[in-house]
Amino acid sequence: EKGTYPHYMLKEIDEQPLVMRKIIQKYQNDNGELTIDQEIITAMNEADRIYIIAAGTSYHAGLVGKQFIEKLAKIPVEVHISSEFGYNMPMLSEKPLFIFITQSGETADSRAVLVQVKEMGYKAITITNVQGSTLSREADYTLLLHAGPEIAVASTKAYTAQLAVLVILAEVTAKSRGMEPNFNLVRELGIIANAMEVLCDEKEEFESIAREFLTVTRNAFFIGRGIDFYVGLEGALKLKEISYIQAEGFAGGELKHGTIALIEEGTPVIAIATQEIVNLGIRGNVKEVVARGANPCIISMKGLEFEGDTFIIPEVHELLTPLVSVLPLQLISYYAALHRDCDVDKPRNLAKSVTVE
Ligand code: M6R
């Protein structure tokens, strides 16, 4: 039930801090340590390469998940769009392990890949929000998101839950390999939950950003570098699916290779700038688009911000910023859709779970 909320999407955005705390609790053992079923950790350690398969928002979570697993557990990862896997099947390693990320557990494109790789005799983990769903039943192992039912077509809390479960999987695997802890993850996820709460309390700010940047535009661009680039892809998908604004997310460095030709007077460019190593690079890109008339909206992180930035998220661990920087994008999309009189929870032409290939 959406209670006093006008839309499920807004309710589900607001639930994210609670979901974070629930995930911490569900994945903690009696000693307060994060744990994952030993069988799953063994499968991770036996693999020489991990193949993440997913669609839409879950694919975007996979792109960030690759960074978590490679940086923390040091296992190579490839991320594939499920509908493409059959045609563009990568050369598989000797001991592949498949991870399917799917909120609903019913996405036909992803299921087709699962059927195929099971036939080939490989092991698969499904990360899903729905216990007993098709992909959960047909995989060898399941990791649950514990996000509660997600009703709005636009995925919000499932995305951040997917990231949280992926980072827990990565860190627990790292620990099992005798690696030094990269951070106190329980603490860091708690900090994330608090930061999410701060952002959920700033809705008016996002409403006015949406009004200023997106009420009367035909298109919008999301740019980022490094992990911020992946968050930009998710921001663009969110905006286009519920507000019908043509939106594109791309790597800041790619601007000069084509997309900059589309920038004209007033084009909204939303830059995500939460990573120290690319901070100057992305700001250089903002200058380039502003020089061509773009209307810039810069989402940066405390400690890395410059004067004139549009919105500054609270400071969180640098690897984990996508869990937080996506909230402004979700809220901006929500208000853009609202201002444009769109059906936020049930956008045209879309279904919550896509059960046909
Ligand atoms: O249930 P799944 O995670 O497998 O769904 C995948 C996509 O259909 C889904 O993420 C879709 O892109 C959302 N509507 C995005 O908000």
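Structure values in brief
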{"read-out": "Test: residue in the range 334-346 that is acidic (Asp, Glu) and at pLDDT 95 or above", "value": "no"}
{"read-out": "Neighbours by Cβ (under 9 Å, 6+ apart or cross-chain): first from the range 89-106, within 30 Å of HIS146 (Cβ to Cβ); second of a type in the set (Asp, Glu) and within 16 Å of the ligand (Cβ to nearest atom)", "value": "GLN103/GLU150; SER104/GLU150"}
{"read-out": "So GLU241, is it open to solvent by 20 Å² or more (accessible area, probe 1.4 Å) and free of Cβ contacts under 8 Å to residues at least 60 places away in the same chain", "value": "no"}
{"read-out": "Unique match (being at pLDDT 95 or above, of a type in the set (Gly, Ala, Ser) and open to solvent by less than 40 Å² (accessible area, probe 1.4 Å)) among SER208, SER155", "value": "SER155"}
{"read-out": "Residue in the range 160-170 that is without any contact (Cβ under 8 Å) to a residue 40 or more places away in the chain and either among the aliphatic types (A, V, I, L, M) or assigned to a helix (DSSP H, G or I) (or both) present", "value": "no"}
{"read-out": "Hey, ILE53 under 16 Å from the mean Cα position of the chain (by Cα), closer than 20 Å to GLY121 by Cα and surrounded by 18 or more Cβ atoms within 10 Å (Cβ to Cβ) or not", "value": "yes"}
{"read-out": "The range 19-35 residues that are in contact (Cβ under 8 Å) with a residue 40 or more places away in the chain and open to solvent by 50 Å² or more (accessible area, probe 1.4 Å), paired with ones that are of a type outside the set (Gly, Ala, Ser) and assigned to a loop (DSSP other than H, G, I, E, B) (beta carbon under 8 Å, 6 or more apart)", "value": "LYS22/HIS146; LYS26/HIS146; GLN28/THR35; THR35/TYR27; THR35/ASN29"}
{"read-out": "Residue match in the range 166-185 (condition: open to solvent by less than 10 Å² (accessible area, probe 1.4 Å), within 16 Å of the ligand (Cβ to nearest atom) and small (Gly, Ala, Ser))", "value": "no"}
{"read-out": "Residue identified as open to solvent by 10 Å² or more (accessible area, probe 1.4 Å) and either over 21 Å from ILE53 (Cβ atoms) or free of Cβ contacts under 8 Å to residues at least 12 places away in the same chain (or both) among GLU150, GLU197", "value": "GLU197"}
{"read-out": "Subset of the range 60-85 [surrounded by fewer than 24 Cβ atoms within 10 Å (Cβ to Cβ), within 16 Å of the ligand (Cβ to nearest atom) and not in a strand (DSSP E or B)]", "value": "LEU63, SER83, GLU84, PHE85"}
{"read-out": "Those residues of the range 139-159 which are assigned to a loop (DSSP other than H, G, I, E, B), away from the ligand (no atom under 14 Å from the Cβ) and in contact with a strand residue (DSSP E or B) (Cβ under 8 Å, 6 or more places away or on another chain), in sequence order", "value": "ASP140"}
{"read-out": "Residue check, SER136 within 14 Å of the ligand (Cβ to nearest atom) and open to solvent by 10 Å² or more (accessible area, probe 1.4 Å)", "value": "yes"}
{"read-out": "Candidates ASN285, ASN279, ASN349 - the one that is within 16 Å of the ligand (Cβ to nearest atom) and either free of Cβ contacts under 8 Å to residues at least 60 places away in the same chain or more than 22 Å from the chain's Cα centre (by Cα) (or both)", "value": "ASN349"}
{"read-out": "Residue match in the range 118-126 (condition: among the hydrophobic types (A, V, I, L, M, F, W, C), under 19 Å from GLY65 (Cα atoms), more than 9 Å from the ligand (Cβ to nearest atom) and open to solvent by less than 10 Å² (accessible area, probe 1.4 Å))", "value": "yes"}
{"read-out": "Residue in the range 260-270 that is of a type in the set (Ser, Thr, Tyr) and crowded, with 23+ Cβ neighbours inside 10 Å present", "value": "no"}
{"read-out": "Tally of residues being over 11 Å from PHE221 (Cα atoms) and surrounded by 15 or more Cβ atoms within 10 Å (Cβ to Cβ) across the range 249-259", "value": "1"}
{"read-out": "Within the range 90-106, tally of residues that are near the ligand (Cβ under 7 Å from one of its atoms) and open to solvent by 50 Å² or more (accessible area, probe 1.4 Å)", "value": "1"}
{"read-out": "Residue within the range 309-328 that is within 16 Å of the ligand (Cβ to nearest atom) and of a type in the set (A, V, I, L, M) present", "value": "yes"}
{"read-out": "The range 214-238: number of residues that are open to solvent by less than 10 Å² (accessible area, probe 1.4 Å) and within 16 Å of the ligand (Cβ to nearest atom)", "value": "7"}
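The values are calculated or read from the model by the stated rules, or taken from the named source; none is laboratory data. Just so we're clear, the structure is a prediction, and the values are computed from it rather than from any experiment. Neighbour counts are summed over all protein chains in view; Cβ atoms, including those assigned to glycine, are modelled from backbone coordinates with ideal geometry. Remember, those area values only see protein heavy atoms, side chains included, never the ligands or the DNA or RNA. Shrake-Rupley method; radii C 1.70, N 1.55, O 1.52, S 1.80 Å.
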